[in-house]
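Here is the structure we will look at, set down as structure tokens.
The values are calculated or read from the model by the stated rules, or taken from the named source; none is laboratory data. Not measured: the values here are computed from a predicted model. For neighbour counting, all protein chains shown are included, and Cβ atoms are generated from backbone atoms with ideal geometry for every residue, glycine included. Just so you know, the surface numbers come from the protein's heavy atoms only, side chains and all, with ligands and any DNA or RNA stripped out. Shrake-Rupley method; radii C 1.70, N 1.55, O 1.52, S 1.80 Å.
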Amino acid sequence: SDAICNFVICNDSSLRSHPIIFNPDFFVEKLRHEKPEVFTELVVSNITRLIDLPGTELAQLMGEEDPKLPGANSTASGFFRSLMSLKRKEKGVVFGSPLTEEGIAQVSQLIEYLHKNLRAEGLFRVPGNSIRQQILKDALNSGTDIDLDSGEFHSNDVATLLKMFLGELPEPLLTHKHFHAHLKIADLTLFDEKGNKTSTPDKERQIEALQLLFLILPAPNRSLLKLLLDLLYQTAKKQDKNKMSAHNLALMFAPHILWPRNVTANDLQENITKLNSGVTFMIKHSQKLFKAPVYIRECARLHYLGSRAHTSKDDLDLLTSSGSKELQPLKTQKRSRLDSCHQEETQQRTEEALKELFQHVHNMPDSAKKKKLIRQFNKHPAVLTPGSDVPTSPAPRRTRSRSFSGLIKRKVLGTPVILERKSRDTTPEPVRVSKENIQLLQKCGSPAHISQMKLKSLEGQKEGSCRRMRARLLSKDSSSL
């Protein structure tokens, strides 16, 4: 019933402001009922993470082997052992029969009545009247309606009958398969700074382990256990009236819900303290033990919805490790795209600098030097110069350029410049580059700096040619004189 969500359209305006009740364990219960094998494997894998279960005990927990219980191989046949076995042979519809939903429905009447009478001193410790108990027992086995509020029965009669019902079950409420797991949970303690175990119980791990262990209990056992622990929790809260603390209640109920059947105190020996302490812990923390851990809820939700919006840290680590191989090609593609964008940006800046350089040469006065520089610029198909078009077909013959502009391209891009011969008759006249210019080029890092250096060199060459022309005219005039 906990796994069912009812959606009701309410037309009553007075109820619309009430909060919506949502079961956080909905997907957990759904996975438990629809895919019990997947659910059990998920829970047991987390139980073994918290407690150390050897192969035999793990097989017993999974139901693959019969549980090996204390006193099973003992030849002693004491009076108490024989008495308990005789009592369980008298099976009725409710008492002495395996736990069913019908039996829980009958016993729940006793639990509801005790919730109203928790102030009785010595509740669950003081025995009731045996005659009234037998009348009540026969009524429950026959399935007749019982009016416990009529005053015919006392609260001690009802409390004793509840213990009798639990004691006559074929196996304890917490089942034989879980017996060794409960012993290991009682041993969970904290560690000191050096990593050594202490005597202080690790309450957080114990609660988590019990939450997981209760998840794989049979559904009837889990339902009745929840009703019972809630009753004992409320009883312990009123210990100032009934004189029954959580420890006293554990002494009353541990033999019925946790001890293996047909065993005595001598069979358990040193484990009695652990078992009683374990039941005391369950009573004190009963309000937390029937909630699934957060990571179990998330795994169940992911199983049905497939969304990773609220994954836990462990799940994220697993997703990262499993998807690392898939992310490597994406990283490689991203890196290649960045490299190509960087190369395009560099090439664009170089072309802009060369355009500025060509514009400066184009604005120079007409001279033989200007013509030579323009011819060299026109031989570069990759450079867009004013008045020139980019050729559509690749050059049939490619040579390494030794021109000044080719040297600029090689320095900036690191690749040789492709030249195209427009005609066989015209041959480019190489430009001699001095060692000083080469050293300056090596110091330059940006295309803008290279264009400035080129402009300065061209202006220097122009001034030098003008000086030589004036010297020649002066020498001719002096010779004529």
**Report entry** Residue check for LYS288: of a type in the set (D, E, K, R), part of a loop (DSSP other than H, G, I, E, B), in the same structural domain as GLY55 (by the TED database) and in contact (Cβ under 8 Å) with a residue 12 or more places away in the chain
**Finding:** yes
Query raised in the report: Inside the stretch 172-198, can you point out the residues that are part of a strand (DSSP E or B) and within 13 Å of ILE51 (Cβ to Cβ)?
Result: THR189
Query - Positions within the stretch 177-200 being in contact (Cβ under 8 Å) with a residue 12 or more places away in the chain and in contact with a strand residue (DSSP E or B) (Cβ under 6 Å, 6 or more places away or on another chain), in sequence order - result: THR189, LEU190
Report task. Kindly establish whether ASP192 is modelled with pLDDT of 95 or more, more than 20 Å from ASN271 (Cα to Cα) and acidic (Asp, Glu). Result -> no
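Might you let me know whether the stretch 199-219 holds any residue that is in a loop (DSSP other than H, G, I, E, B), open to solvent by 30 Å² or more (accessible area, probe 1.4 Å) and not β-branched (Val, Ile, Thr)?
yes
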Query raised in the report: Would you call LEU217 touching a residue at least 60 places away in the same chain (Cβ under 8 Å) and not small (Gly, Ala, Ser)?
Result: no
Query raised in the report: Of LYS241, LYS274, which residue is touching a Lys or Arg at 6+ places or on another chain (Cβ under 8 Å) and over 30 Å from GLU102 (Cβ atoms)?
Result: LYS241
Query raised in the report: Pick from the stretch 118-136 the residues that are surrounded by 17 or more Cβ atoms within 10 Å (Cβ to Cβ) and either part of a helix (DSSP H, G or I) or over 52 Å from the mean Cα position of the chain (by Cα) (or both): which of them is modelled with the lowest pLDDT?
Result: GLY128
Query - Filtered residue count, the stretch 109-125, keeping only those that are charged (D, E, K, R) and at positive phi - result: 0
Query raised in the report: If you go through the stretch 305-320 one residue at a time, do you hit one that is open to solvent by less than 40 Å² (accessible area, probe 1.4 Å) and either at pLDDT 50 or above or over 30 Å from ASP202 (Cβ atoms) (or both)?
Result: no
